Amino acid sequence: MKNAAQLNKQFGIAGQLTFRDDASGLVVADFSNTQATAALCLQGAHLMSWQPKSQAKPVVWLSRDAKMAAGKSIRGGAPVCWPWFGAHASEATFPGHGYARTVPWQVMESGVEPNGATRLTLRLVDSDKTRAQWEHSCNVELSVVVGETLRMSLTTENTGTHDFVIGEALHTYLQISDIASVRVTGLEGCEYWDKVGGSVLKKQDGAVTFASEVDRVYINTANECVIHDDKLKRRIHIKKSGSQSTVVWTPWVEKATKMGDMGQPDGWREMVCIESVNAIENVVTVAAGTKHALVVEYTASSL
Ligand code: TA6
């Protein structure tokens, strides 16, 4: 894998995009343009933070206890869950949410969009380890466009001769004032698998609000979701395509404490996950020779 100096030479963009070698040994891409700042760890193509210039606080949350280490996922940001979501269907030893977020990705291209936003595209690097968990021929790329809007496109290309099925997510942690003070609209009337204490199919009545652990997989919905945060005087819009499931998650205090990396003691209160997903009934069959893209656009609007 290339180091920061080699990446800066080939893909750096003066004043917009620089690569640095982190003390953890991982490489990080730093974005800074007239519209926003962001940081992305090349391992996992893991966007760790995003803050539009218009916002006094980051929009994508990163735990203050987040640790960066080879082969380990980072708490917060927008983890890429692929090629399955949640536990593996049959192999308990395989990592939850797939392996994509803990393996190297290589930079393929960078550029400046017509509106001045900064683009970076990465491809997952296959290895004996990944092939041991997923034997299908494919290319997986993440393209990130950092501007006043954050656009993330996760593309799976089936380069083989047979169809395969994937589960996937952009498992994004959004920064909020306090979990008990926000509400999420866009999922009214949708069915969801309630994962708290089991797995029961229910129907959403009204906006989603939070007073305890919430871990819900909303199915058969392509709806845009909005986080209404009156205390931070902003809304966060999550608009997606190529995704039929949405996960809403807060661990609440007991689980957050057990996890230990949610920003003790109450960092968990300042985030909510609104994840753009294909899971359970909505897993995706990618036919041989075709591509499938999961695309999400995040914007923050001030009240
Ligand atoms: O998307 C919600 C969820 O599946 C929760 O059940 C919880 O496990 C969360 O993801 C975090 O998972 P992680 O593997 O990143 O600790």
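Only Cα pairs under 8 Å and 6+ residues apart enter the sum, and on that basis the relative contact order of the range 4-302 stands at 17 percent.
Computed from label points 7 Å out along Cα-Cβ, the spacing between ALA293 and VAL200 is 4.1 nm.
The order of the peptides 198-205, 9-16 by mean Cβ neighbours within 10 Å, most packed first, is 9-16, 198-205. Could I have the simple spin-label model distance between LYS67 and THR185, label points 7 Å from Cα toward Cβ, reported in nm to one decimal? In this crude spin-label approximation the distance works out to 4.2 nm.
Distance between the pseudo-spin-label points of LYS231 and SER90 (7 Å out from Cα toward the beta carbon): 4.7 nm. Charge dipole (Cα centre; +1 on Lys/Arg Cβ, -1 on Asp/Glu Cβ; no other charges) of the chain amounts to roughly 600 debye. Reducing the range 256-294 and the range 124-153 to their Cα centroids gives an inter-centroid distance of 15 Å. Lysines near LYS195 by alpha-carbon distance under 21 Å, same-chain residues fewer than 8 away left out - which ones? Partners within reach: LYS203, LYS255, LYS258. Taking packing as the residue-averaged number of other Cβ atoms within 10 angstrom, the listed peptides 52-62, 238-248 run from highest to lowest as 238-248, 52-62. Here the range 34-74 is scanned for amide nitrogen atoms under 18 Å from the site 7 Å beyond the Cα of ASP21 along Cα-to-Cβ, giving 41-43, 68-71. For ILE74, neighbours were defined as the other residues whose beta-carbon sits under 13 Å from its Cβ, and their charges (Lys and Arg +1, Asp and Glu -1) total +2.
Excluding same-chain neighbours fewer than eight residues apart, the aspartates and glutamates reachable from LYS2 by a Cα-Cα span under 15 Å are ASP21, ASP22, GLU109. Dipole of the range 4-302 computed with +1 at Lys/Arg Cβ and -1 at Asp/Glu Cβ about the Cα centre; of ASN158, GLY77, ASN278, farthest Cα towards the positive end is GLY77.
Under a 5 Å amide H cut-off, with hydrogens placed 1.01 Å from N, SER49 pairs with ALA39 among residues at least 5 apart or on other chains. Counting only protein heavy atoms and a probe of 1.4 Å, the accessible surface of the chain is 50% carbon and sulfur.
Can you tell me the FRET efficiency between THR34 and LYS255 if r is taken as the Cβ-Cβ distance and R0 is 35 Å, rounded to the nearest 0.05? The formula returns an efficiency of 0.35 here. Here the Kirkwood formula puts the hydrodynamic radius of the range 4-302 at 19.4 Å, using every distinct Cα pair.
Hydrodynamic analysis of the range 245-288 uses the Kirkwood radius over alpha carbon pairs. Inserted into Stokes-Einstein at 25 °C and 0.890 mPa s, it gives a translational diffusion coefficient of 199 µm²/s. The residues of the range 192-303 have, on average, 44 Å² of accessible surface per residue, using a 1.4 Å probe with all protein chains present. For every other residue with a beta carbon closer than 15 angstrom to the beta carbon of GLY12, add +1 if it is Lys or Arg and -1 if Asp or Glu, then tell me the sum. Charge balance in the 15 Å sphere: +1.
Between the range 41-88 and the range 221-241, the C-alpha centres lie 18 angstrom from each other.
The values are calculated or read from the model by the stated rules, or taken from the named source; none is laboratory data. Keep in mind that this is a model prediction, so the values were computed, not measured. Every residue, glycine as well, gets a Cβ built from its backbone with ideal geometry; the counts of neighbours run over all protein chains shown. Accessible surface is based on the protein model in full, side chains and every heavy atom, while ligands, DNA and RNA are left aside. Shrake-Rupley method; radii C 1.70, N 1.55, O 1.52, S 1.80 Å.
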